[in-house]
Amino acid sequence: MNKPLKQQELISYIAEETQADRDSITLVLKYEEAYINNAKADVKGEVEIDMDDLVDYVLSRRDIKLDEMTVEAILEAEMDFLMDQGLASYED
């Protein structure tokens, strides 16, 4: 499956799970990607992301008009989707 189609599938999944609008979801995902791209990798090349820090970062963006619970729900739904696809996992 190509990337744009996978992205649309992800956004549809998140919208269904959270009832958030697609534009807000896209914006949250854009800021999440920027945050992750700026995170430092460890010796193994893995990036550890603190969810609270990520949510705070997204909420600090001027054009985000969502509350904290909605941003968290979007990010959690994204993680569920990625885990279902075998593309992500939680660190123990």
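The values are calculated or read from the model by the stated rules, or taken from the named source; none is laboratory data. In this text, all values refer to a predicted model and were calculated from it rather than measured experimentally. So basically every Cβ, Gly included, is an ideal-geometry build from the backbone, and we count neighbours across all protein chains shown. Each accessible area value is taken on the protein alone, full model and side chains, heavy atoms only, with ligands, DNA and RNA left out. Shrake-Rupley method; radii C 1.70, N 1.55, O 1.52, S 1.80 Å.
Across the stretch 1-20, the qualifying residues are those that are modelled with pLDDT of 95 or more and loosely packed, with under 13 Cβ neighbours inside 10 Å, and the one among them that is nearest to Val71 (Cα to Cα) is Gln19. In the stretch 66-92, of all residues being modelled with pLDDT of 90 or more and either farther than 22 Å from Tyr13 by Cβ or β-branched (Val, Ile, Thr) (or both), the one that is surrounded by the most Cβ atoms within 10 Å (Cβ to Cβ) corresponds to Ile74. Here Thr26 fulfils each of the conditions (1) open to solvent by less than 80 Å² (accessible area, probe 1.4 Å); (2) in a loop (DSSP other than H, G, I, E, B) apart from (2).
Okay, residues lined up against (1) among the aliphatic types (A, V, I, L, M); (2) more than 19 Å from Lys6 (Cβ to Cβ); (3) touching a Lys or Arg at 6+ places or on another chain (Cβ under 9 Å):
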position	(1), (2), (3)
Arg22	no, no, no
Asn38	no, yes, no
Gly45	no, yes, no
Leu59	yes, yes, no
Leu75	yes, no, no
Gln85	no, no, yes
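Within the stretch 1-54, the only residue that satisfies the criterion of being farther than 23 Å from Gly86 by Cβ, touching a residue at least 40 places away in the same chain (Cβ under 8 Å) and among the hydrophobic types (A, V, I, L, M, F, W, C) is Ala20.
Of all residues in the stretch 37-65, those satisfying the criterion of being in contact with a helix residue (DSSP H, G or I) (Cβ under 8 Å, 6 or more places away or on another chain) and modelled with pLDDT under 90 are Val47, Ile49. Of all residues in the stretch 37-92, those satisfying the criterion of being of a type in the set (Val, Ile, Thr) and assigned to a loop (DSSP other than H, G, I, E, B) are Val43, Val47, Ile49, Ile64.
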